[in-house]
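Below: the structure, in structure tokens.
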Amino acid sequence: MNTMTDLTHLLAQTGFPDSMGSATLAHYLFVSAAMFAIGLIGFVSRRNLIIMFLCTELMFQAAGIALIAFGRFHLDFTGQTFVIFVLTVAAAEAAMALALVVLLFRRKESLDAGEWAELKG
Amino acid sequence: MGDLNGLLSTVGAGSVDAAGGGAGPWWAVLVPLLPLLSAVLCGVCAAAKVKSKLPAWITVGCLAGSFVTAVMMFMSIQGHGALTTTAFEWINFNWTAPGGEAQSFIANFGLRLDNLTGLWMLFVTGLATLIALYASEYMSHDVGKGYSRFFFAFSLFVFAMACLVMADNLILLYLGWEGVGLCSYLLIGYFYTKPSAVAAAKKAFIVNRIGDLFLALGIMLCYVHFGSVEYAVIFEKTAPYLAMLQEGRIGDIPALVQLIPALLMIGAFGKSAQLPLYVWLPDAMEGPTPVSALIHAATMVTAGVFLIARTYPLFLVSEYALPVVAWIGALTALLAATIGMAQFDIKRIMAYSTVSQLGYMFCGLAVLSATGGVFHVVTHAFFKALLFLCCGAVMHGFAGQLDLRKLSGVMSMKGWGIVGVGMLVGCLNLAGFPFTAGYFSKDMILAESFVTPGMAPIGWILLLTAGLTAYYTFRVFFRVFVGPQHAEPGEEFHAEDPAHGADVAEEEHFAEEARHAHGHSARGHDGHPHGDHAHGNHGHFHPHAPGWAINTVLAILAVGSLLAAGLYFMGDHGGFVGSKLHGTTAEIVTTAEGHTAAAYLGNEPHAGEHSFLGLGDPHKVMYYVSAVVGFIGIAIAAVLHGPKGLGGLMLGSRTEAARSKADNLLPAMGPIAKWAQHKWYVDEFYDLVIYRPLRGISHVFRLIDQFVVDGFVALAGWLPRAIGRSVRPLQNGELHGYAVGMAGGIAVLLLIVLLAVS
Amino acid sequence: MLSSLVLIPLIGAAALIGAPAARARTIALLTTFIALAAAIVAGVRFDWADGATFQFATPGFEWLGELGIRLSMGVDSVAMLLVLLTALLGPICVAASFTAINERLKTYYGWLLVLQAAMTGVFVSRDLIFFYICFEFTLVPMYILISLYGSTNRKKAATRFFLYTFTGSVIALAGLVYVAWHAARATGAWTFDIATLEQYAAGLPASTQAVVLLALLLGFAVKVPLFPVHTWLPLAHTEAPTAGSVVLAGVLLKLGTYGIYRFVLPFTPAAVNEYAQLIAVLCIIGILYGGLICWVQKDVKKLVAYSSVAHLGFCVLGLFALNNIGVTGSILYMINHGLSTGALFLLIGMIYERYHTRSMDELGGLGKRMPIWTTFMVFFAMASVGLPGLNGFVSEIMCLVGAFQASSAWGSGIWGSLGVETPLATPGNLGPWYAAVAGIGMIIAAMYLLYMVGNVCFGPLKEPGGHGHGDHGHGGHGHDDHAKDAAHGPLPRDLNAREIAVLAPLAVLCIALGVYPSPVIQTLQAPVSRTVQIVEAASMPTTARTDTQTNPQTNTNSDTQTVDVVAEAAR
């Protein structure tokens, strides 16, 4: 756990503007990291295509939270602008991905990702 | 030494001559060009499928024209030294070397006209004309088939031979040298459906090529050392060496110059069938007999002798060249004679006799009797051509029969008189019977061997060989031409063509073709033109006596051979040949004090001091000695092989064709006779030591190429593929696999970053 | 002028796309004839007396200006001769394929024409990149010709051919670009002009040259092919269609030797002097090894293919003799080998069309069946053996003489100990031993070619079952019956007029170049002398030739001077 304490130590060293109240950047980043980890674990462990897709969305939003938190911390709005873009793209992408999942389901009558391994070398 | 003297200080003058002064007559180019024209016309005949004897008449006409031109050329060059006629530039270029000096490589299609050339061309074109006439009849079974092809190659041969002899540079000589080799190849393999003929042709070409390689290297060395391949330049630059020789400063002659004759010599041994490269010539008898007579007896095989005669100055300045030539020549003469004694095929006997006589010629050159050597070339050309043509007439008439055990009393058969007389004349010449041309030419060589310092062993070997020669020559004559009449036809009826085994009709077809190909089919000989070539039944065999063309040619050659003896008495220096060679490169470079050949410089006895067994000057004694040796040989042949009777002249007792007294002697000789009959197993030896290992190595190379060299390439191609295959399982196509991989990768990267930061 | 030589076949190929397949032969033949006519016109207008100058020079349009790449053209007498050879083989290849190729005609002839354009491009280019593009582009048509129209093992052969030669030439490209990069670094401007680079490269330090030599040689030696990298050749030759083999032997192999002549010798003269012996040894191994392998082949085509390894050994040996006679002989060899070996492949193709086999186990004694074919076979075999009077001899003997006289050993070692004056010994690192050992190749050549001729043409008749025996039952009715009945398709038993017309020009040239090679040799002297001088100058500092002044321009440390030269040339 040495690494982990190092990380909190590192985050604690960074200062926080007052307007953030009691919530520090570290809190946001922890939320983001947790979300990302949940998404990642879900993506790796689940075989249902829709769940896996939701997990990727989760990771997406985790990254978004981190971006907004940093943007606010640095008082630079590029991060937030970026997140807005990501949201729109993610919406479009979600529509596409769901459509693809439906098509894949029609092919094999199953949502199991293991059914699709045609890139096997 | 009378006839050999007087050429001393001509070293200088001679080389001025040799350098070649003026331009020769332009029409001298007709000597080679007329045969070439004939070859082209015969080629046209072949393409046009001419079904008459036209090619033969074209050839005879053109060759006769060439002969007449050669005679005119010979007359016109008298008293001119060496002339040069350049037809056109063949390989001729010059450039500026990096050092700045101008360099050149000149090998024109130029003719060097001097007496050596003239002499050679006289008998080459003359004999070629006669033999072409002979062949017009001899090859008549092939009219419309191989007839044009035969005369094409025949004419081409004369062209190549003319290039060889008349060339004014070594490269053109090389062209002729290989050209005659090609024609020899084509003509030996004339009966191309016969595997033995094809093999013999191949052997001749390849063995010759071995010699050719050394000749080529010798030419290159000449070029590098003398800066030219033209005789004129070479002789001019050899003159200082000859001068050094005369002054006894032999150590000043660069040693590299001595390498040149050593290389040229091997080339000469290849072409002239000397040890160790003689094996091709006996096999070459697979060709039609006119070819054997012209190419493999009279002309082409003397090319080696010509080469040495032509480049004689180079041999003179070498310390070792001439003795080596002498020993090779003598040993070849002896070896071939012993083989010839034990053979039964009369054509092969003549072939070995040719090898043996060529050995004499080399010895003649090597013991400083260039006159004798060249004179022997001329006389041998006539009588050996005569002998071959007589054998050919027998072969032609008896359906290919050549076995001396199966023929007897041919001379007394109707229509065979001229052949018999011709054969007798030839045999007398070859045996060195007194007052024949062969007698004089052989004598010159023998006598000079005993005169030249250190060469006496050569003389003894040659003398012994002379006896053996007389024996085997008359063995043939007594067995085949006199005695009770008997003749079995040869194997010409056998159609040995494996391809037709399956089908009778096809066999018929092929058999007929094969008979044509063999050239001496039964058709016309036995009065059954079609089909009657059954095997074995020859009860009513009638030999086919030669026609007018063959008889005319034989008569001319027989008379010519006899008259050739007269050449010995013409002129001042060693007869006609000697006086003509005077002033050419082949002249005997002697001084009043003795010989000036580097090889014999150390121990030169004074003229007249040497004597033969205390009997006196070898030049005189040898007349009697060689005559006696010849008589002994003939007498032994008469006893062992001669027929009974014939007016009490004959000492022999042979009453049937197949057996003679010699057969009773065979057991006493143990295995020697058998070994000699098997040619001392030289062919087998070469096969075992050279051919098979080489073939084996080639197979090994083939496998190496396939598996090792190509194996590395295959390995190089296989390696990336193998690496790819080994990492292939990683690409399992499972989404989760990739996800885990990605996550793991990120984790590892993060760890690295963090560790690096802290 | 020159661009038309490249464009005519390309236009012909384009015309083929739209044409009906039945017309493909006519169009292809017409195109190649026009190209031949154009080449002959160029040959007539070429000033042969001034062989060293690059004539008909066109700067070409600028292709990639920043890198100084232009499609510039020009030919000296060496290139002109090879262009003529290429143009001559064009119609011959087309005409030889009339009956052999019966499907996908448009593709076949189209690619054949493209191939011709690419080969011509190699010889006329004066820009390194242009050269390389053409050099590499020959692979594509050849790959297609082999893989679509070859015999049984064609796919493997085509792939092997492509990958092998491609790998080699990529390395050669690296070497060439390395030289250009050096030049660019020194002058500040990129150029790929061959003449400019040539002047620059000769001044590179010897160690750099050695690297360049290695790279170039790897590329060109594969193409030639020299001994250890030759194994693609027998395979490709054996599997290729007849015309493919002819082009392969006739021109494609010459791209390698031409590359060595054009780039290796002038670009890396110092290294060439240093490594000539090594390369010569490879050549000699190729001569003997390749020759002996020929001697035990059963497949006639493979035999001739391996003979190319042996023959090209002589060719490269002559080049690395580094003197006039050797290099001239070598260039002559390129042409002569194209003529005689090309003809041998044509002849074998004609047999294959009739009997569908090339094995000597199944063929024999064809002299009886096919006298005309046999006549040509013996003729070209003799040309290949190097019989004097025919073309092969002149070049072979010149290569050997070149190797023989090129010896710094003259005057030292065994030759020196003989205390000899050798006015015509030239510097260079080969010598008599090289010529003598290589000369054994002449004997081996006679052995394998006569072995082939003896087996296929002579001896008892042997034909594969089912061919030529269609009418046994009739018995002895002459030959015409066989021709009509047998399953030979439209071909008569012996050669027809078209086939004779294909062979005859080659035969005529073989005789002409054998009997009267002087004009060709003389025109080659100027360019060869130039090359030889470059190489010789580079050897000056190392060889002990104190009597001659070293050439200041090519001194090893004359970078500044060469830079000036380059800058001047660039202006």
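Every read-out reported here was derived from the displayed coordinates using simple, explicitly stated rules and does not represent laboratory data. All values derive from a computational prediction rather than experimental measurement. We place every Cβ from the backbone using ideal geometry, glycine too, and count neighbours over all the protein chains shown.
Annotations for the structure displayed:
- To the nearest ten degrees, helix C:497-515 and the longest principal axis of the Cα atoms of chain C are 40 degrees apart.
- Residue-averaged 222 nm ellipticity for chain C, from DSSP H runs of 4+ at -39500 (n - 2.57), nearest 500: -22000 deg cm²/dmol
- Mean projected area (nm²) of the alpha-carbon convex hull when the range C:178-239 is viewed from all directions: 5.4 nm²
- Annotation for the range C:271-352: trypsin sites (Lys or Arg not before Pro) lying in DSSP loop with at most 15 further Cβ atoms inside 10 Å of their Cβ are C:Lys298.
- Taking every residue in C:260-272 and counting other chain Cβ atoms within 10 Å of its Cβ, the average works out to 0.
- Peptide C:517-524 - average C-beta neighbours from other chains (10 Å radius): 4
- Per-residue average of Cβ from other chains inside 10 Å of B:208-221: 5
- Projected-area average for the range B:101-160 over all orientations - Cα convex hull basis, square nanometres: 6.1 nm²
- Fully extending the segment from C:Ala504 to C:Ile285 would add 75.5 nm, taking 0.36 nm per residue of separation and subtracting the current Cα-Cα distance.
- Share of Cα-Cα pairs in the range B:287-416 lying beyond 23 Å, as whole percent: 38 percent
- Three-way shape call for the range C:110-166 based on the alpha-carbon gyration tensor, with the a/c threshold at 1.5: oblate
- Bridgeable lysines around B:Lys53 (alpha carbons under 18 Å apart, same-chain partners fewer than 8 residues away excluded): B:Lys145.
- Exposure proxy order (Cβ contacts within 10 Å, fewest to most) of B:Met72, A:Met52: B:Met72, A:Met52
- Scattering profile of the range C:252-332 at q = 0.13, 0.23 Å⁻¹ [log10 I(q)/I(0), Debye over alpha-carbon scatterers]: -0.42, -1.04
- If you look at the Cα atoms of the range B:190-294, you get an Rg and a Dmax of 18.6, 61 Å.
- Hydrodynamic radius by Kirkwood, which averages 1/r over all alpha carbon pairs of the range B:387-494, in angstrom: 15.2 Å
- The share of C-alpha pairs in the range C:124-208 whose separation exceeds 18 Å stands at 53 percent.
- The ranking of B:Trp718, B:Trp177 by Cβ neighbour count inside 10 Å, starting from the fewest, reads B:Trp718, B:Trp177.
- Calculated translational diffusion coefficient of the range B:121-232 (37 °C, 0.692 mPa s; Stokes-Einstein with Kirkwood radius over alpha-carbon pairs) equals 213 µm²/s.
- Compactness index (Cα Rg / 2.2 N^0.38 Å), chain C: 0.98
- For B:Gln731, distant residues with modelled amide H under 5 Å away: A:Gly121
- Residue order for B:Tyr352, C:Tyr132, A:Tyr28, B:Tyr134, fewest other beta carbons within 10 angstrom first, comes to A:Tyr28, C:Tyr132, B:Tyr352, B:Tyr134.
- Over 24 Å [Cα-Cα, the range C:179-282], rounded percent: 33 percent
- Angle between chain C longest axis and helix C:324-355 axis [Cα atoms, degrees, rounded to 10]: 20 degrees
- Gyration tensor verdict on the range C:33-164 (Cα atoms; rounded if a/c is under 1.5, prolate if a/b is larger than b/c, oblate otherwise): oblate
- Cross-link table B:Lys271/B:Lys644; B:Lys384/B:Lys406; B:Lys203/C:Lys301, entries beyond 31 Å C-alpha to C-alpha: B:Lys271/B:Lys644
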